[in-house]
Amino acid sequence: MAQVERGASSSAAPPAPTTLASLNQARRPTLAAAAVALARAGDHRGAETALTALLDRAASQKLTRADLHVAHGNRAASRLALGDAAGALTDADACLGLLRAAAAAAGAPAARHASFPKAQLRRGRALAALGEHARAAAAFEAGLAADPASAALAEALAAAQRELGPGGGAALEPARALPAPPPTLRIGFAPRDAPLALLRSDGDGDGDAAGGGGGEPGGGWRDSLAARRGARVEGAALPAALLSAARAASDPALSDVYEYARVVTDTQQPRRWAARALPDGYRWGRWWEAVSGALSQIAAAGVAAPRVLVLGAGGGMLPLMALRAGAAHVACAERWGSLAGACREVLAANGAAEGAQWSVSCVRAYTELRVGEHLPSRVHLVVADLVDDGVLTGGLLPSLAHALENALDPSAPGPLVIPAGIEVFCQPVEAGGAACRAAGAAAAHGGWGAADDDAPGGGGGGEAGDSADLPDSRPAAARVDLSHLEPFRWCPSPALPAPLPRCALRPLAPAAAVWAFDCLAPPDRGGARELDVAFEADGAANALAVWARLRLIGGVELTTGFDHPLALEEASAPAQFVTGTAGGGGGGGGAQKQQSGGAGECRQGAAGGAGSAAAAAVPSPRPPPSQQPALFWLAGRLPVAAGDVLPLMATHNTARLGFDFPGAIYSTLCTPTPSFSPSHFAAAADGARLEAFARALASAASALRAGGRGGAGGLSCLDLGCGGGALAALARGAGFERVVGAELYEPLAAAARHGLAAAAAAAPAAAPPADATAATGSPDAGPLPGGRRAAGGAAAWAVLHADGASLEPGDAGGAVPAGGFDCIVADVWDAGLIGHQGLQLLEAARGKLLAPGGAVIPGRATLWVAGAQLLTGRAGPGGGAAGTVSGWGSGLPGSGGGGGDGGGLEAELGWDFSALDRYRWSPGGPEAVNLAETPHLLLTQPARLFDFDLQPEEPGGGGGGPSGPASGRGGGGGGSAAAAAAARRFPRRAAVALRAERGGVMNAVVAWYDLDLGGGWTVTTAPPGIGVGGRLLPADSTPPRPACCASGGCAGPRAARSGCQGQALTYLPAWVRVAPGTTVELAAERGPAAVTYSLGDVLPPPPPPPPPPSEAAEARAEAAAAPPSEAAAAPSEAAAAPSEAAAAVPDGAAAAPAAAVAAGVFEVVPAPRAQWYREGAGIEDAAVWSLRRCGALLAEAMARAPAMRLPPLWRDFQMLQLHCGSLGLDSAALGAITQELAAREEAAIAAAASARAGGGVALSGAACVEALGLAPPPAWH
């Protein structure tokens, strides 16, 4: 006999009806009671008739009752008894829908209602009767999760699993590789009145189990919030109650930071998607195979018009795939408003009809999707591209569970969801930059050759020329010890904000499969398991690399990590990412290299830059993979040896992963510092740059000694902005006996102090420590511990937490020599050279801290520019955008870079994604990019923009700059000789004429710099194919590109190519379509922290000389026969000499775009902009208002930060990071925002502290808080 349940009010006597409404209301319990009686008597037909009449009357009169779900549940039971499985499934789904609606209103999970297990039992039995045993098993598991003691559910689940066994129906995809987790607390959204303390992790100091709120939400719910206080997923600091987007948006303590994170991330998403995701041919090739294969199976099953739901539609690639593969309608869901708008534009631009073929909805979280509100109808296939680097932080599991229950058509034949399953892998690694630094130094050392081998001794100290006494002959940059930075190697998010070079990770044990999730039955419980990790290499583990392998459909797999698990290989063999081949427009051509040709494949290069002859040419630059392993940081450095076996505790709460080595003993504890920028680690990994500085320091020391300097006290050197102390350590090794570092960021100053102390202790010639030392937070605060004294009594080394521009001779207890330093070295430059105000800092310090006749390193800085095209063209489903997005590399005549044809916008293959271009421009100034991994096309020759003379001015004026246009530029006014000299040495304005060498659309300016370090040594950040001095490198003379982009390499004799910063990219306010020979005049003005550009006249190319009369007819015939595009796209074969056409711009000069447009030759049009940046937009626009409100929130937070009465901002962002998977946020973007705001807050506190007695740092006008490093580097180390 089928089970039935009685309505809550069935025993109550109905009141006397007085109206039609009250009569109908009174008759309802009678019909319900009659149906229950008929069902118990075995008359299921009569029970179904009575319940149908009751439900029809309720629907016609629009009556609602709290127990209406009971009628649907009882009718499902009767229909099951009558053999009407399809009708029973409809009623069971209706019952569950009503329960979920009531749960949402009550702010509690639906599974806590007493009717939920019965509804799932009836739904599962209906599915089993229809042959859907996999979905039936999922329903039974959901019911058992709510009521583990139900014998009926357990028996039904066992029967369904028997049907899924050998010979009994189709197997689940994928088969479960791990046992189900033990019965634990179910994971669900916290009720609205739950205190935030319950939603924090155990590791969060603010979270405790005390505190109020939360009684019984209603009589039908199983338990109260009080029973869940202190509940955590067993074995990890993961909460069991998730924070919902609605709760975060309305909570007074979180609403501001949540809104700030959403708005800031929203403005970045279209550009990030176009730059990272779109060019990933490996990724889109796998997705095309899966989507087209799934729709083919659905069509073969008899569905004539399949409907598809895409969760995470992005810029429109997956919806276009589904439409091409035969979907009748694609419902797109996107959590970012700007990306949803871009998706609409892309779909419309490719001819798809809105409404009839597609719809786009924007929701804060995918668990808020509703049929009728966001979706026109239920769908046959759910495609979820929600696996991010953190695997679960994209919200895949809760989103799929919601979509399967609320959006999937019950009659869908399958496959029902892509991906079908996920495996999670982890591998303990030693993350660090020492190997990259050694590889870069070796590459530069090998490229320079033995003739230039005047390298100094190591960082431990000693004179130049002592290298013969050292135990090894490695380059100085490879010997310097920067291990004191390792405690800061941490990131607020496991998903890194920048590409991760594989060579930055050294695996210590084989990869292990940790979790397997069946996407047809997403878990709603957390899990914990312990596995043994057998180490196979000696080292110190400080992180776990975690990635996912997605089984999309059948044998189609996609990995978010490296193409295969990290192999245990020699650390001296660095690696280089390559992408898969670009496939054709249909059929998934990009999937031909499924195991070895994807974006995650890592090909080994020779150590030290030596390799095969094929490696002599610059390889075509390729984008990094759009997905990469996440790094889950351990509590410190864990020393391990080959053969060790340690237990690893792995946990998850459906929205986040957790890992820990319980009981492990760490040699050094991690110091999580959100304000610590990862750019410091990228700089420490740039071995070629450090090696060039080391050799320049050695040359300077030799020259100073030859000039009679360095008496009894020895040579002295000041390292301005010393960072982690790398240059200070190299200066000691180069022969400077007295080294002082000045650093504005206190954690870095402390780390550098520790590192120099260790280096001094290891140096055989180090002097014993003195009682009073010279490391101080303020010139007037007196000596603090942390320095050493030389034999003459002066400080041998010291690290000052101070602004270098505010130091005075004799400060810090004599650490600053009264007569000045013999040498000042500074490496405080960003990608655009001036962003950290290094020019102002060096000029201020040089004027009062440099001894007469002293040296400055670098002595000259030159800023170079070139016009570039960075536009999004067309992309196909097989190959992504590689090769079709505006070409690759410089492609200029005579250069060794790769080349596109400049016709990315006119390409005929693939879909049009040019609508994304309007999201490129922003008023935020230049951005650091790595052109070696960025789709681009250099259209013009390099041009020298600014020359800055940093050497001390010679007596009698001048400055010592080269003659010619570079030395005569600059200028604005100045009435005195000193002002005129400063204008010559530090020009503020310049103008250049950029001559196009190929056709294209110039919409950006790329800038890089050369640093003349002295002694013939130079550092350049030029893009591949361009050398020092803007010289284009031919393919046969291009030095080998380093395997790691951030480790640097050789750029020619005594020249190092720096890789830690990349190039500065600035989008122009107008687009200029140019042909070969077109000249674009560009005016530039140097501000305090950035260079701004404006377009001047655009001059058409000079007409070609007339052909001889005898050849005129033949030339006209050839021109008529040639296609029109060939003449415009053919690059010029003229000599590739750097452009020196520069002219001084008066102070009041203004450059405006030319009004004349020569048809067919060039065209100037305003750059399209995003809606929040368009001209004339005001606060009445919601996007503009949101941005301005975020600016006001930031200003308010910075204003109150110095009082330190509130917890730091990063604690609130830590809360958002913990619940990122349920809040619909981007984990990597949230981590970058956390780091930026923490740095700004700390800088605001430091700047205000100087006004208080006894604390802080005296800040000069040259100090720049941006020097803390607010932007992630082009590559993460």
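The values are calculated or read from the model by the stated rules, or taken from the named source; none is laboratory data. Being a predicted model, the structure only gives us computed values, none of them experimental. As a convention, Cβ positions derive from the backbone with ideal geometry for all residues, glycine included, and neighbour counts pool all protein chains shown. All accessible areas refer to the heavy atoms of the entire protein, side chains included, with ligands and DNA or RNA removed. Shrake-Rupley method; radii C 1.70, N 1.55, O 1.52, S 1.80 Å.
The set of residues in the stretch 1225-1253 that are part of a loop (DSSP other than H, G, I, E, B), at pLDDT 90 or above and open to solvent by 10 Å² or more (accessible area, probe 1.4 Å) contains only Asp1226. The single condition among (1) closer than 24 Å to Pro279 by Cβ; (2) at pLDDT 80 or above that Gly924 does not satisfy is (2). Would you pick out the residues in the stretch 1187-1209 that are open to solvent by 60 Å² or more (accessible area, probe 1.4 Å), not basic (Lys, Arg) and not in a helix (DSSP H, G or I)? Met1204, Leu1206, Pro1207 - these are the residues of the stretch 1187-1209 that are open to solvent by 60 Å² or more (accessible area, probe 1.4 Å), not basic (Lys, Arg) and not in a helix (DSSP H, G or I).
For the stretch 51-79, the candidate set comprises residues that are among the basic types (Lys, Arg) and surrounded by 14 or more Cβ atoms within 10 Å (Cβ to Cβ); within that set, the residue that is modelled with the lowest pLDDT is Arg65.
With respect to the conditions (1) at pLDDT 90 or above; (2) surrounded by 24 or more Cβ atoms within 10 Å (Cβ to Cβ), Ala1046 falls short on a single one, namely (1). Scanning the stretch 372-380 for residues that are in contact with a helix residue (DSSP H, G or I) (Cβ under 9 Å, 6 or more places away or on another chain), open to solvent by less than 10 Å² (accessible area, probe 1.4 Å) and under 21 Å from Gln1217 (Cα atoms) turns up nothing. The residues listed here are Gly873, Gly814, Gly867; of these, the one that is free of Cβ contacts under 8 Å to residues at least 60 places away in the same chain, open to solvent by less than 10 Å² (accessible area, probe 1.4 Å) and over 21 Å from Phe986 (Cβ atoms) is Gly873.
Matching residues to (1) touching a residue at least 24 places away in the same chain (Cβ under 8 Å); (2) part of a helix (DSSP H, G or I); (3) buried (at least 24 other Cβ atoms within 10 Å of the Cβ):
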residue: Ala698; (1), (2), (3): yes, yes, yes
residue: Gly708; (1), (2), (3): no, no, no
residue: Leu727; (1), (2), (3): yes, yes, yes
residue: Arg732; (1), (2), (3): yes, yes, yes
residue: Ala742; (1), (2), (3): yes, no, yes
residue: Ala751; (1), (2), (3): yes, yes, yes
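Going by what's in this entry, would Ala110 be described as modelled with pLDDT under 90, crowded, with 22+ Cβ neighbours inside 10 Å and within 17 Å of Ala401 (Cα to Cα)? For Ala110, the condition - modelled with pLDDT under 90, crowded, with 22+ Cβ neighbours inside 10 Å and within 17 Å of Ala401 (Cα to Cα) - is met.
Filtering the stretch 283-311 to residues that are open to solvent by 10 Å² or more (accessible area, probe 1.4 Å) and within 25 Å of Ala498 (Cβ to Cβ) leaves only Arg283.
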